[in-house]
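The values are calculated or read from the model by the stated rules, or taken from the named source; none is laboratory data. Being a predicted model, the structure only gives us computed values, none of them experimental. Cβ placement follows ideal geometry from the backbone for every residue including glycine, while neighbour counts extend to all protein chains displayed. Surface areas here come from the heavy atoms of the whole protein model, side chains and all, with no ligands, DNA or RNA. Shrake-Rupley method; radii C 1.70, N 1.55, O 1.52, S 1.80 Å.
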Amino acid sequence: MRLLILSDLHIDTGDKFGTFGWKPKRFIKTLEAIINHYGIEQVVLNGDVYELYKYSYSEILSRNQLLIDYFREKGFVFIRGNHDLWNLMAKEHYNITNSYGKIIHIEHGHNADFLNGTSLGRFIGRMVFYILKYLIKMRWAERLYFKIVEYDDEVNRVPRKYNSYKYLLYSLKLLKKYDVVILGHTHKLETHKMYYINQRKQYLNCGTCSLGRFQAVLLDTETLANETIKIGKKSKLIVEDLPPFPLKK
Ligand SMILES: [Mn+2]
């Protein structure tokens with residue numbers, strides 16, 4: 001089966017606190033072009049699809065009806081992220097065992113860190129966000145927030161705490177049990193291949209589709225061949241420029 005895995009869209013209401021950066025129609029068009037080009041059979045939305053820290057589901061729905069209906073009609077798999085823990089349609093993880101007995105494990109990855117992976121951490125996080133939601137309206141508070149979160153840079157807005165080996169270590173633990181582990185959450189598109197007791201193991205991170213960028217992982221569940229897709233902010237999708245992918249017929 002040909003899978004396309006993407007995550008961390010953080011779909012919002014389109015106001016200035018949002019980070020999705022896509023018009024629903026343009027996002028659907030991009031996704032459709034990729035699905036058709038590669039003959040994708042299943043799309044997996046690997047968490048943080050919605051930005052429920054900042055907005056209610058009904059606020060998000062009213063601005064993105066077209067996109068959300070599209071996800072449902074196409075039968076996309078939803079996996080729970082820390083920003084959409086309350087998405088009742090979502091699963092904790094998604095596993096596929098192929099005909100060779102190889103197991104592919106897909107989860108968002110927030111369980112690797114304290115603030116997002118434990119209920120106490122989430123409670124603290126929620127309180128901080130609740131306060132920030134009001135404070136951030138003031139310019140000084142916004143500056144303070146960015147200082148605390150320590151973004152790598154103002155352009156990509158990737159928190160520095162995600163720029164660590166923590167998730168690689170977490171995936172290594174999972175790889176004792178599985179053959180391919182796919183996480184999201186860090187907003188960093190990565191692929192790692194390694195051997196563990198002569199077994200080929202792979203950790204992939206599907207990056208993010210926020211701030212108008214498109215990043216995803218392609219995987220053939222039978223051959224375990226995979227490829228990453230990366231389209232920059234505001235760049236036009238040229239299908240011919242997409243990486244070739246050896247898919248099994
Ligand atoms: Mn996350």
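Over the chain, DSSP H runs of length four or greater, each weighted -39,500 (n - 2.57), average out per residue to a 222 nm ellipticity of -9000 deg cm²/dmol.
Using Cα-Cα distances under 8 Å and only pairs 6 or more residues apart, what relative contact order does the chain have, in percent? Intermediate results must be reported in sequence, preceding the final value.
Working: 456 pairs, mean separation 55.7, N = 249.
Rounded, it is 22 percent for the chain.
Whole-Hz Karplus values for segment 220-225 come out as 9, 5, 7, 8, 6, 5 Hz, taken residue by residue from phi with 6.51 cos²θ - 1.76 cosθ + 1.60 and θ = phi - 60°; glycine and proline positions read x. Shape analysis of segment 178-247 yields a ratio of the Cα radius of gyration to the Kirkwood radius, Rg/Rh, of 1.02. For segment 1-139, averaging the sequence separation of C-alpha pairs within contact (under 8 Å, six or more residues apart) and dividing by the residue count gives a relative contact order of 22 percent.
The spacing between segment 189-209 and segment 1-79, judged by their C-alpha centroids, is 24 Å.
Magnitude of the charge dipole for the chain, about its Cα centre and with charges confined to Cβ atoms of Lys, Arg (+1) and Asp, Glu (-1), is about 360 debye.
Around the amide H of residue 109, modelled in the peptide plane, lie the amide H atoms of 184, all under 5 Å away and 5 or more residues distant in sequence or on another chain. Annotation: amide H-H contacts under 5 Å for residue 211 (H modelled 1.01 Å from N, sequence separation of 5 or more, or interchain): 20, 21. Across all directions, the average projected area of the convex hull around the alpha carbons of segment 32-129 is 7.9 nm².
For the listed residue pairs 74/234; 188/233; 91/133; 133/166; 176/201; 133/188, the alpha carbons are over 18 angstrom apart in 74/234; 91/133; 133/166; 133/188.
Over segment 1-42, Cα pairs under 8 Å with separation of 6+ residues give a relative contact order of 53 percent.
Note on residue 118: accessible area approximately 50 square angstrom, rounded to 10, probe 1.4 Å, nucleic acids and ligands left out. Residues whose amide H falls under 5 Å from that of residue 10, counting only those 5 or more places apart or on a different chain, are 49, 50, with hydrogens built in the peptide plane. The calculated P(r) of the chain, using every Cα pair and 10 Å bins from 0, goes 7, 31, 37, 20, 5, 0 in percent.
Under the combined filter of DSSP loop state and at most 11 neighbouring Cβ atoms within 10 Å, segment 1-89 retains these chymotrypsin sites (Phe, Trp or Tyr not before Pro): 86.
When a 1.4 Å probe is rolled over the protein heavy atoms, the share of accessible surface on the chain that falls to carbon and sulfur comes to 57 percent.
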